[in-house]
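Have a look at the structure below before the remarks.
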Amino acid sequence: MIQGDLRTMIRFSHRAVCTFSAVLLLSSLVTLSPAIGQQKTAYDLLPETTQAVLWVPDGEKLAVQWDRTQLAKLAADPAVAPFFEGQRQEIEKRFVDAGWRLNLKPEDLADFLNGQIAVAWMELPEVRKPFAMTLIADVSDNAATNQTMLQHIDQELLARGAERSELEHGGTAIAKYTLPARAGEFLAQDTFYAIAAGHFLSTDDEALIREMLSIIQGSPAASPRLAANPVFLSGREKLQVSGDGQLEYFVRPLGFARVIRSIGGKQSKSSSDMLAVLHNQGFESILCVCGEIQLGLDTLDIKHRGYVLAEKPLPLAAGIFDFPNKASREIPNFISNKISSVLATNWNAQVAFWKSSGLVDELAGTEGVFDEVIEGFKRDPNGPRIDIVKDVLPFFTNDIYSISDSREGPASVDSQRNLIALKVTDSAAMAKVVNRVMRNEPDAEMVAFQGQEIWKVVHRENEMLGGLGDDFGDDFGDDFGAAPAAQSNQPQPWLSDWAITVYGEYLMFASHAEVIEEAILQAKQGGTSPLVQENDFQRVVKAVHDAYGDQDASAWRIVRTDRAYRIQYELFREGKLKQSQSMLASLLDRLLQDNSEIKVKEQAVQGSTLPPFEAISHFLQPSGMMVRTTDHGWEFGSLLLAK
């Protein structure tokens, strides 16, 4: 099956979090000197080949606003602070794994920066090293102060065995350091440092630092800059950047995925290059994602506004991203007040489903595979004999809900639970389809619960799904829960345990049969969902409306963080987070790996020094998000309430 390439792209969120953490830490340590006047912004210095940039306009302002948040108070809590100190080396290694290649640590620069901070990744037309990374920051124009900073960096790198050489560009000195290649890499690590007109520059590419120095020195740019790039300008115009954010970002999704893959030195082991497939199937039409983030507001700890710029109509398989602004605002009565998160979206399944055919065919390497599978459902004498065109898709209303919760009591790898509910127009007809399909499932068992038929699937131990192959538990861990088990050479099922039924107006698919049973009990109480009466739910609904307007959306989500993160936190403390398999992660694992790759990895960062969840849960406030489809892409926003 498909392997590392899509995982690389999906894990871009993990890379962004790591980089944001590093920049935030750097900003929080900064002791500012007087500013030296108008500076070139990072956008003016960066080439238009930039695939991702994280920009802090003012490091001092970011640090001040961060200190106002509950997350800052959590990080500084005496019960938590020892964890960060004790795991410093492993956390720094994770930053390197996330693409941090500049051989700098936040404390190296903490006393010297006085304005903007930017980190960026570029794609280069080079075979041996098709990427570059840079850090741009404002510093004092005091020569003695800057020399002290450079001497500190020099001592650190020489102590690590670097070779130092001196370069020059237009009268500005460039210090070059060469470190031996990292394990598993072929090229030595070159890092270049320079200071010019109040700008500190660090990069792993000599041509890039010379180009930026030329611009600072007043020479015309030899190649187009990011600040003038049409995609960059259009994305920010659609976002309507306010200038009030303490942090801004710009990402070209597929380009950044290619850069991160190159930095990691990993290529796909399958016959399909996933990033090339996505490009061929029209996903390059998703041009960029840009956004701005404000911290420490009066009622919000975090306010995030973003925009996904796309060329519409999306071509080929990219057309599966068809989300009308019709997400229901109703909370179905089967949703209890014990859930930890709820997501509602509207997906144009009748149209978008068929757009995936080219993607499936190209991934399989054979044209027509998608149609053969659909036809097989219909005509295979050993199959369910289901006509998806007539028996399934016509009954979908496009309304989809996803809820998550966790079992009460001590955390275990099987504690996280989830349910997806698709609203249908003909429950009886859909129930017949489900029954016909499940009778062909060898490990399915029909159980009766208060007059309702529920199909429960529990695979035999020697056929159960292996553990999470990579970082999906980190990225999707709050969505679904089901425990992994031992590896097997036999073909693996897509999910180890799951359950399905049609109840009321909904086709329900759950990680645990008990979740469906509890949903049925809740619905039978009648009336509206008790969730709508909960104070935290009401607070988030009001905050999302106040921040992003009350217009119809294509998706919205509310997360009760003091409930949503309990299981992952406790498993992390116990060193068992990698064993906690999410249902979505299981599906992705089966899609992206072959059987030999599915295994449980050891948890790299250990959380044994952290306090119990109850000691820190009061820092965690509820959060919300919304997405709206536009003529040019999608606008979105997310927020975290203040206490």
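The values are calculated or read from the model by the stated rules, or taken from the named source; none is laboratory data. Just so we're clear, the structure is a prediction, and the values are computed from it rather than from any experiment. As a convention, Cβ positions derive from the backbone with ideal geometry for all residues, glycine included, and neighbour counts pool all protein chains shown. Ligands, DNA and RNA are stripped out before the accessible areas are found, and what is left, the full protein with its side chains, is counted by its heavy atoms. Shrake-Rupley method; radii C 1.70, N 1.55, O 1.52, S 1.80 Å.
Note the full-extension length gain between residue 84 and residue 167 as 0.36 nm times their separation in residues minus their Cα-Cα distance, in nm to one decimal. Each step should come with its number before you reach the end.
Numbers: separation 83, 0.36 × 83 = 29.88 nm, distance 3.76 nm.
26.1 nm is the gain from fully extending residue 84 to residue 167.
Each residue of the range 345-359 in order: what ³J(HN,Hα) in whole Hz does its phi give by Karplus 6.51 cos²θ - 1.76 cosθ + 1.60, θ = phi - 60°, with x for Gly and Pro?
These are the phi-based 3J(HN,Hα) values: 8, 10, 10, 6, 4, 4, 9, 5, 3, 6, 5, 7, 4, x, 5 Hz.
Apply 1/(1 + (r/R0)^6) to the Cβ-Cβ distance of residue 233 and residue 407, taking R0 = 56 Å, and write down the FRET efficiency to the nearest 0.05.
On the way: r = 50 Å, r/R0 = 0.89.
After rounding, the FRET efficiency stands at 0.65.
Note down, for the range 50-224, the three equivalent ellipsoid semi-axes (square root of 5 times each alpha carbon gyration tensor eigenvalue), biggest first, whole angstrom. Don't skip to the end; give the middle numbers.
Values: eigenvalues 151, 87, 58 Å².
Square roots of five times the eigenvalues give 27, 21, 17 Å.
Once you have the Cα-Cα distance between residue 389 and residue 329, take 0.36 nm times their residue separation minus that, and quote the gain in nm to one decimal. Kindly include the intermediate steps, with their values, before the conclusion.
Working: separation 60, 0.36 × 60 = 21.60 nm, distance 2.85 nm.
Result for the pair: 18.7 nm of gain on full extension.
Please report the carbon-and-sulfur percent of the accessible area for the range 50-224; probe 1.4 Å, protein heavy atoms only, DNA, RNA and ligands left out.
Numbers: 4160 of 7750 Å².
Its accessible area is 54 percent carbon and sulfur atoms.
Post the alpha-carbon centroid distance, the range 120-135 to the range 374-444, in whole angstrom.
One Cα centre to the other: 45 Å.
Can you work out ³J(HN,Hα) from phi for every residue in the range 410-424, in order, using Karplus 6.51 cos²θ - 1.76 cosθ + 1.60 and θ = phi - 60°, giving whole Hz and x for Gly and Pro?
x, 6, 9, 5, 10, 6, 6, 9, 8, 9, 10, 10, 10, 6, 10
I need the calculated FRET efficiency for the pair residue 514 and residue 609, taking r as the beta carbon distance and R₀ as 25 Å, to the nearest 0.05.
Details: r = 34 Å, r/R0 = 1.36.
Once the sixth-power term is evaluated, E becomes 0.15.
Label points 7 Å out from Cα along the Cβ direction at residue 240 and residue 539: separation in nm?
Between residue 240 and residue 539, the simple spin-label model gives 2.8 nm.
For residue 139, list long-range residues whose amide hydrogen, built 1.01 Å from N in the peptide plane, is under 5 Å from its own amide hydrogen.
114, 199, 200
Name the residue from 260, 231, 356 whose Cα lies farthest towards the positive end of the charge dipole of the range 202-361, charges +1 on Cβ of Lys and Arg and -1 on Cβ of Asp and Glu.
Farthest towards the positive pole: 356.
Can you give the accessible area per residue of the range 245-355, in Å², using a 1.4 Å probe? Don't jump to the answer; show the numbers that get you there.
Values: 4190 Å² over 111 residues.
Dividing the accessible area of the range 245-355 by its residue count gives 38 Å².
How much FRET efficiency would the formula 1/(1 + (r/R0)^6) give for residue 379 and residue 178, where r is the Cβ-Cβ distance and R0 is 51 Å, rounded to 0.05?
Details: r = 64 Å, r/R0 = 1.25.
Once rounded, the FRET efficiency stands at 0.20.
State, to one decimal in nm, how far the label point of residue 68 lies from the label point of residue 126, with both points 7 Å from Cα in the Cβ direction.
Rounded to a tenth, the inter-label distance reads 4.3 nm.
Using a 1.4 angstrom probe, figure out how much accessible area the range 50-224 has per residue, in square angstrom, rounded to the nearest whole. Don't skip to the end; give the middle numbers.
Details: 7750 Å² over 175 residues.
Averaged over the residues of the range 50-224, the accessible area is 44 Å².
Need the full-extension length gain, residue 145 to residue 48, defined as separation in residues times 0.36 nm minus the C-alpha distance. One decimal, nm.
Details: separation 97, 0.36 × 97 = 34.92 nm, distance 3.22 nm.
Going from the current span to full extension adds 31.7 nm.
Please work out the Cα center distance from the range 524-542 to the range 553-575, rounded to the nearest Å.
Their Cα centres are 19 Å away from one another.
Tell me the chymotrypsin sites (Phe, Trp or Tyr not before Pro) within the range 155-255 that lie in a loop according to DSSP and have at most 12 other beta-carbon atoms within 10 Å. Working shown, then result.
Working: sites: 177, 186, 192, 193, 200, 232, 249, 250; in loops: 186.
When the chymotrypsin sites (Phe, Trp or Tyr not before Pro) of the range 155-255 are filtered for loop state and at most 12 Cβ neighbours within 10 Å, 186 remain.
Quick check: convex hull of the Cα atoms in the range 163-236, volume per residue, rounded to a whole Å³?
Details: hull volume 9.8 nm³, N = 74.
With only Cα atoms used, the range 163-236 gives 132 Å³ per residue.
Can you work out the PRE-style zone for residue 280? Point 7 Å along Cα to Cβ, and I want the residues of the range 346-384 with backbone N under 12 Å.
Label zone hits: 358-368.
Could I have the simple spin-label model distance between residue 154 and residue 618, label points 7 Å from Cα toward Cβ, reported in nm to one decimal?
For the pair residue 154/residue 618, the computed spacing is 5.1 nm.
Work out the length of the dipole vector of the range 50-224 about its Cα centre, built from +1 on the beta-carbon of each Lys and Arg and -1 on the beta-carbon of each Asp and Glu, and round it to the nearest 20 debye.
Details: 15 positive and 26 negative charges, 64 e Å.
It comes to approximately 300 debye.
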